[in-house]
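Inspection log for the structure reproduced underneath, given as structure tokens.
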Amino acid sequence: MELIIQLISGAVGGNVAGALMKNNSLGTIGNSIAGIVGGGIGGQLLGMLGARAGGGGMDIGSIISTVAGGGVGGGVLMVIVGIIRKAMAR
């Protein structure tokens, strides 16, 4: 269940980052794909670092940290991929 939340929030995070940084946007589908991958990676990294509140259960603290980790991971990866794509286009 946590992985699904991470992937969905990653897709949302990727699209939000794409909307905020239009010059690095990959388009809706590209932002979503980068966000999904980044959300999964970001959420798993937070889990390995023990940054999840509530010890990984499905209480409200754990859900919020899962959503935040996935969203931030998705946004960060989308921006990184956008910057790389823009640099390669030059």
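Values in this text are rule-based calculations from the coordinates and carry no lab data. Because the structure is predicted, anything quoted here is derived from the model rather than measured. As a convention, Cβ positions derive from the backbone with ideal geometry for all residues, glycine included, and neighbour counts pool all protein chains shown.
Overview of values
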| read-out | value |
| --- | --- |
| Relative contact order %, the chain, counting alpha carbon pairs below 8 Å whose residues are six or more apart | 42 percent |
| Simple spin-label estimate for ILE64 and ILE29 in nanometres, 7 Å along Cα-Cβ | 3.7 nm |
| Computed [θ] at 222 nm, deg cm²/dmol, the chain (DSSP H ≥ 4; -39,500 (n - 2.57); rounded to nearest 500) | -28000 deg cm²/dmol |
| Space enclosed by the convex hull of the alpha-carbon atoms of the chain, per residue, Å³ | 73 Å³ |
| Highest average packing first - 64-76, 26-38, Cβ atoms within 10 Å | 64-76, 26-38 |
